[in-house]
Structure formats: structure tokens, C-alpha cells
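Read through the structure below, which is laid out as C-alpha cells, and then see the notes.
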Amino acid sequence: MHELAFPLLVALIVVALAFDFLNGLHDAANSIATVVGTRLLSPLAAVGFAAFFNFAAYFLALQWPALHKVADTIGKGLIDKDLVTPAVVFGALVGAMFWNVVTWIKGIPSSSSHALVGGLIGAGVAHANIDAIQWNGLNKTLIAIVLSPTLGLILTMLIMLTTSWMGVRASATGAERTFRGLHLVSAGAYSLGHGLNDAQKTMGIITVLLYSTGYLHGDFHVPHWVALSCYVAIGLGTLSGGWRIIETMGTRITKLNQHEGFSASAGGSIMLFAASYLGIPVSTTHTITGCVIGAGSARRASAVRWGIARNVMVAWIITIPASATVAALFYWLISGYAARALMALAVIALAVLAGVAWREFRLSRDGLGRTASAIASAGFVIAAVVVAYASLS
């Protein structure tokens, strides 16, 4: 058990709820991209619609407590709960929030969930080395990174094909009217699933903080006030919107009609409810992106702007390493390891320089220039490895 003054505990809980708010702000696009992209609802109405259902997930979890397994996975399934300290929680939250803000500014639909997972792993390993990792929970989460968008894509294509076959005799006007209603229902279900899965991640963080500091008595469980606070925070964040990401999700990856919007949000909602039941902190961003691509691909492969989709996927790949690195840096800084944090920054800077040199190598047409760029890139990589080894020794 780690002692923590009550004012500092309150401050950390406020930081956690701030992350939850940013999660809702960042992931508003997940909930409303299809209804905005198809102009089913105005952006303002869509944000209010999504925020309502994000919060309504609280009542769903009260009725079926089994849907709250994700909080257990985050709280004790990724890092050994007995090794978690307030400094680990702080580092994890700052790492996740940093990545959320960067991707929000850039309009990149990255995963808030995996930013938090990366933050926990980075701060936990910085505190207690690799032995702190709970591999069963981490492996389950890493597998979901690949499976959630893939299964979402396949499921959405199946829904598209099935509903197309069922409505083959319908008139264009009748089909449009029917799918507008169905799309509204499926979008509400997706927002409900989003609130259910994503709010639990902050619940797990606050609960493990209370557990590690002795403020949570009895078995590891999520107090009702924690659950309610997290649902309120994510609902308010969604209400604030994330317009740049909404544009990417709703219009830039592919153009959607009501049929495709319904299929994407229906496929996504099924995936989210299944993940919540299984206790998997799945990425709602990954899931809906896979579903949007599946809806566009079902029409024709050329309907998807694969270049934008590829950029989104690159952001997915670097989310966990980036947030883990920032989390480790902040853990070292507040734990008195300033020298180690500075060395880690040096490693990052050298890695960036290596990337710049490699880019010059690829773009250069001059043989001497290519040779110099290749040597520079290799030199920066070697220097980064040496500094990293020295900092860990």
C-alpha cells in the first residue's frame, strides 16, 4: 500500500476524469461520424445524440454488471495491481492525454483506449521493469488491435450484403426512408456501446489508484460514484465534439449513404457490446474505421480512399509505443530520475534524426548524397541504441 495525501488523491482523480473528458472529445467522431457524413443529423444534434447515449450506458451497466469487465482488465489485467503506485497512474494518464491531444490537433482518429494501455505499460515498466506486465490481459488487448477492425470490416460487409438482398424489391425512396430510421437506431446503439466500453477504462484507472493507496476497502471493485463520474465526464467530452476527426471519419475515408451508414454503425455496435462482455478494452476508433472501410468496400474497392486509411493505420501502430514513452518519461521525472528522462529524450531525438536521414536517402537521386544519408541514418540509430543501453544500465 502506498501512502498518498487526500488532496493529491483528489487531484489525481480529477486528472483521470480530465482524460475521460478528452476521450469523449477525441472519440466523438466514432459515435457520430456516420450520421454526420450521411447528413442524417446536423453536427450539433448528432453531438447531443451521442452524448446522451454515452451517458445512458451507465444505466445499462447497472442492469447487467457483467458488462463492466473492461474496468477490471484496465485496473488489474495489464499491470500487476499490487505494483501500481500513484506515480505510475500519473505517468499513464499524462502519456495517454499527450497522445490524445496531439492526434486531436492533427485530426488523426487514433485510439484513446490504446493510448491509455500504452501509458499504463510504459509507466508500469519504468517503475517495476517488465515483470509488472500481466501478459494475459496485454496479449488479449494486442490481439484485439488487429481483430476489432478486421472483424468489424467483415461484419459490416455481411450486413451490407444481407440487407441489400432483403431489400432487392424495395423502391429507392422506400429503401432510403427505411435505412434512415435504421441508421438512427444503429448509431444510438453504437454510441451506447462506445460509452460502455470507453468510460470503463478511466474507471479501472481510478479504482486501481484507490486500491493502491488503501482508499478502496474489500475486493477490487468499481465504486458506484466512480462509474457515475466517468460516464458524466465522457458524456460531457462527447458533447464538446472533435470536429477535425469527425471530418476524417465521416467524409474523407469514404462517402457514405444511409444504407452504408446503418451497416457501419450496426457492425460497430455489435463488436463493442461483444468486447465489453468479454472484458476487452477494444479501440472504438479502430472498430468504426474498419466498419466504415467495410461499408465502402462492399460498394466497390475504389470507393475507399486507401491513402487516408493507410495514414490512420500508421497512427494505430505508433499509438502504444508513443504514449508508453511519454508515460515513462513523466514517471521518471516525478520519481526523481531526471537524468534517465533526459537520456530517453535524447534517444527519441536521435530516432527522429535517423528517420529524417532515411527520408533523405529515399528521396535523393545523387549517389554520393544517398551514401551520406544512409551512413547518417545508421549512425543515428547506433547512437540511439548506445544511449538507450546506457540509460537502462
Please calculate how many Å² of accessible area the chain carries per residue, with a 1.4 Å probe and no DNA, RNA or ligand atoms counted. 44
Compute the semi-axes of the equivalent ellipsoid of the chain, taking the square root of 5 times each eigenvalue of the Cα gyration tensor, and list them largest first in whole Å. 36, 30, 16
With θ set to phi - 60° and the Karplus curve 6.51 cos²θ - 1.76 cosθ + 1.60, what are the ³J(HN,Hα) couplings of the range 79-87 in order, to the nearest whole Hz, using x for Gly and Pro? 10, 3, 4, 7, 9, 6, 10, x, 5
Rank Tyr337, Ala295, Tyr211 by how far each Cα sits towards the positive end of the charge dipole of the chain (+1 on Lys, Arg Cβ; -1 on Asp, Glu Cβ) and give me just the farthest. Ala295
What is the set of long-range amide H partners of Ile79 at a cut-off below 5 Å, with H atoms built 1.01 Å from backbone N? Gln134
Probe radius 1.4 Å, ligands and nucleic acids ignored: give me the carbon and sulfur share of the accessible area of the chain as a rounded percent. 69
Show me the ranking of peptides 51-60, 158-167, 284-293, 3-12 by mean Cβ neighbours inside 10 Å, starting with the highest. 284-293, 51-60, 158-167, 3-12
Using every alpha carbon pair in the range 26-160, what percent of pairs falls into each 5 Å bin from 0 up to the bin containing the largest distance? 2, 9, 13, 15, 19, 19, 12, 6, 3, 1
Rounded to the nearest 20 debye, what is the charge dipole size of the chain about its Cα centre when +1 sits on each Lys and Arg Cβ and -1 on each Asp and Glu Cβ? 1360
Mind counting lysine pairs for me in the chain? Cα separation below 23 Å, and the two need to be 8 or more apart along the chain or on different chains. 9
Taking R0 as 35 Å and r as the Cβ-Cβ distance between Asp82 and Ile318, the FRET efficiency 1/(1 + (r/R0)^6), rounded to the nearest 0.05, comes to 0.70
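What order do you get for 189-196, 332-339, 74-81 when each peptide is scored by the mean count of other beta carbon atoms within 10 Å, highest first? Could you put the intermediate results ahead of the total?
Working: 189-196: 27.9, 332-339: 15.2, 74-81: 22.8.
Put in order of decreasing packing, that is 189-196, 74-81, 332-339.
Given all pairs of different Cα atoms, what value in angstroms does the Kirkwood hydrodynamic radius of the range 336-390 take?
Averaging 1/r across every pair of different Cα atoms and inverting gives 11.7 Å.
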Over the chain, what is the relative contact order in percent, taking alpha-carbon pairs closer than 8 angstrom and at least six residues apart? 31
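The values are calculated or read from the model by the stated rules, or taken from the named source; none is laboratory data. Just so you know, these numbers come straight off a predicted model, no measurement behind them. So basically every Cβ, Gly included, is an ideal-geometry build from the backbone, and we count neighbours across all protein chains shown. Surface accessibility is based on the protein's heavy atoms, side chains included, excluding ligands, DNA and RNA. Shrake-Rupley method; radii C 1.70, N 1.55, O 1.52, S 1.80 Å.
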